[in-house]
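Working notes, structure below.
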Amino acid sequence: MLDIMRKSVNGFVGILLIALLVVAFGLWGIADTFTGFSNSVLAKVGDEEIERVEFQLRYLQQLQAIEQQFGTTVSPDQARGLGLDREVLRNMIGSAALRAAAIDLGLGQSDEALAAEIIADPNFAGPNGKFDEPTFRAVLQRNGLSEKLYVKDQRDFNIRDQMSKASYERAIMPAMMSEKLFSHFLERRIAKYLILTLDSIDDVGEPTEEELESFYEQAKLRFTQAERRSADLLVLTAERFSENMTFSDEELRVEYEQSIDLFTQPEERAIDQLVLADDIEIAKVSSLIAQNKPFVDIVSAAKQDFDNTDLGWVKVSDIISAELSEKAFAMKKGEISNVIEGPLGAVVLRVRDIKPEVVQSFEAVADNLRQAIALDRALEDMVAFSETVEDNRAAGVSLQEIGQRFDLAVVSVEQFTRDGTLENGKSSEILQRYPSLTESLYGAVIGEDIAMFEAPDGSFVWAQVKDIQPSQVQPLAAVRQDAIAQWKVAEQAKLLEAMAEHLVSQGNSGVDFDTLAKDFPRRALTSEPMTRQVSNETFSEQAVEKLFAVEKSKFAWAPVGFGSELLVMQAVDVIDAELKDGEAKDLIYGGELRKYRADLVNQFIQSLRSTYGVKVYDSAVQQAVNQMAAR
């Protein structure tokens with residue numbers, strides 16, 4: 001692919017473009033790439049320095065990627081909790097180590113070759129299909145890259161590519177390892193199993209006071225009451241400002257005329273377009289048109305079918321060529337054009353059907369138009385009034401006082417949890433309407449002015465926390481009945497585990513499965529052959545792991561995949577993997593080979609780190625991260 005791209009810039013014009021781009025690197029500031037980013041160094045790998053500016057750019061790029069993945073804003077504390085700064089620095093240290101090794105090996109890429117590669121990249125092509133500087137800059141900006149960082153990345157990528165192709169990409173996983181992995185992954189087992197339920201356990205009675213208090217102390221988190229907050233919300237809607245607006249018919253008619261396109265359904269036509277391949281087809285088709293032959297005969301003469309000619313229903317603006325569009329919309333229904341020279345070559349047009357332009361009358365749209373104008377002007381008034389609200393808030397006026405001053409309703413939401421649930425167990429309607437507002441309220445302190453929230457429906461919302469009830473463990477007296485019920489379940493679960501352990505012990509001592517299961521209401525079942533990758537409502541990952549850990553005919557127990565039941569099982573058959581299954585073997589080999597090579601790369605980088613030595617200036621790193629947080 002690289003060779004093809006390079007061929008596209010061969011010759012005098014290609015050499016000139018490369019020369020211009022190399023010069024442009026200097027004009028755009030990319031020349032700095034070849035001498036370093038700045039003098040602020042966060043870490044060193046041998047002589048390779050990791051600069052603050054590059055670290056911050058890569059940090060931002062990774063942060064934006066995480067925010068896009070989770071669809072939410074990540075705070076500085078959350079980013080720190082995720083270890084984002086350490087991850088970015090670790091990757092940069094690895095890249096620097098590889099770069100140092102490449103320099104020692106004499107690997108590199110000339111400025112001219114790199115410029116040629118960038119010129120040939122179709123992602124940077126402009127409207128004329130060739131390299132375009134504004135497009136180049138725009139693409140990099142969308143991806144959070146500076147020009148110099150992009151050039152540096154491209155050079156590093158090409159150098160690493162040279163190293164990988166000469167080293168770890170040539171690594172071959174040992175055949176014995178491949179076969180062992182294949183046998184491990186595709187071995188199958190059949191289990192005979194019995195599901196034990198809590199119904200199998202007799203009533204455990206009531207706990208003593210000592211037992212209940214001990215259980216309560218060990219399980220206090222179960223009885224923790226979630227933090228609850230109360231807040232005042234001032235909601236400003238466009239309807240509140242538009243409800244008293246009136247407009248004369250004359251005003252509405254002026255707006256109607258100015259917005260006539262909104263009420264017009266443009267003419268549409270069902271059009272066939274027959275593209276002709278060469279002069280022979282043109283001559284043949286022209287002759288048939290002159291003889292007034294049906295369009296079906298013309299299409300057949302061109303050895304095409306109607307599926308290739310049908311453009312469907314189109315508007316004037318849907319046809320790219322102005323000449324073809326003008327011609328198609330000047331023809332009558334059923335008319336066939338002469339041969340026309342279009343941008344794709346010679347074509348013949350036919351109009352199958354016509355839907356004339358439809359303009360909604362003023363009377364039909366007057367009510368909707370009145371409402372739309374009112375909402376539009378209300379939004380302008382809302383924006384202006386929002387400044388008044390902000391001024392009052394800056395002066396320390398509470399939302400309740402602002403509501404009273406301007407006759408606006410303030411909604412009080414009392415005692416809600418982080419998920420918007422009220423004390424009565426129902427969800428707050430207003431918090432459901434503005435879900436992201438709840439998170440803002442849980443990130444604020446009492447009395448703090450939270451930034452105005454602009455809702456998707458166009459409403460403006462101001463919020464203020466007025467009370468916080470911290471999460472707290474409820475006293476035993478308040479949760480006594482719940483604690484007793486949970487103690488009973490816990491005791492039954494212990495007895496159920498003891499029963500499962502006893503059955504497994506008897507089975508492994510030689511007692512037949514059917515004999516073990518005869519006194520249980522549920523009958524024993526036999527599974528389909530399963531591999532280690534199985535996980536479902538019956539066989540949990542733990543159950544499958546235990547099944548494959550025992551020898552044939554042996555017993556084990558584990559929780560089911562979903563629910564509180566337990567599974568007592570016996571490995572009644574072991575089916576070895578079939579080494580002749582080439583497709584599955586290749587699939588496993590391919591996946592494990594990638595892991596094998598990735599391990600080699602990690603070992604190689606660790607070795608390079610030891611060889612060149614790594615110095616990290618922790619205070620400088622912390623300062624760089626703090627600068628990012630301050631932004």
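Observations, loosely collected:
- Within region 482-523, backbone nitrogen closer than 19 Å to the virtual label 7 Å beyond the Cα of Leu212 toward Cβ: 482-492
- Value of [θ]222 nm, deg cm²/dmol, for the chain, DSSP H segments ≥ 4, -39500 (n - 2.57) each, nearest 500: -16000 deg cm²/dmol
- Relative to the current alpha-carbon distance between Arg253 and Ala394, full extension at 0.36 nm per residue lengthens the span by 46.5 nm.
- FRET efficiency, 1/(1 + (r/R0)^6) with R0 51 Å, evaluated for Ala219 and Ile66 via beta carbons: 0.90
- Radius 10 Å from Cβ of Leu198, net charge of other residues (Lys, Arg +1; Asp, Glu -1): -1
- With Cα atoms defining each centre, region 289-368 and region 377-438 are spaced 56 Å apart in the structure.
- Matching label, Cα extents along the principal axes in Å computed from the structure shown, candidates (1) 96, 80, 56; (2) 100, 78, 69; (3) 97, 54, 45: (2)
- Accessible area per residue, Å², the chain with all protein chains present, probe 1.4 Å: 58 Å²
- From the alpha carbon centroid of region 180-200 to that of region 452-512 is 29 Å.
- Note on the chain: with neighbouring protein chains present and a 1.4 Å probe, carbon and sulfur make up 50 percent of its accessible heavy-atom surface.
- Relative contact order (%) - the chain, alpha-carbon pairs under 8 angstrom, separation at least six: 23 percent
- Just so you know, the averaged projected area of the alpha carbon convex hull for region 456-552 sits at 14.6 nm².
- Near-label residues of region 283-305 by backbone N, under 12 Å of a point 7 Å along Cα→Cβ of Asp318: none
- Rg to Rh quotient for region 415-509, alpha carbon positions, Kirkwood Rh: 1.31
- A simple spin-label model places pseudo-atoms 7 Å from Cα toward Cβ; at Asp305 and Ala493 they are separated by 6.4 nm.
- In this simple spin-label model, placing a label point 7 Å from the Cα along the Cα-to-Cβ direction at both Asp279 and Lys615 gives a separation of 7.7 nm.
- Accessible-area value, His502, 1.4 Å probe, nucleic acids and ligands omitted, Å²: 100 Å²
- Residue separation of Asp367 and Glu227 scaled by 0.36 nm, minus their Cα-Cα distance, works out to 45.6 nm of gained length.
- Note on Lys518: aspartates and glutamates with a C-alpha under 19 Å away, same-chain residues under 8 apart excluded, are Asp199, Asp202, Glu497, Glu501, Glu565.
- The modelled label-to-label distance between Gln474 and Val359, using points 7 Å beyond Cα along the C-beta direction, is 6.9 nm.
The values are calculated or read from the model by the stated rules, or taken from the named source; none is laboratory data. Predicted model only: the values in this text are computed from it and were never measured. Backbone-built Cβ (ideal geometry, glycine too); neighbour counts: all protein chains shown. These accessible areas exclude ligands, DNA and RNA; they are computed on the full protein's heavy atoms, side chains included. Shrake-Rupley method; radii C 1.70, N 1.55, O 1.52, S 1.80 Å.
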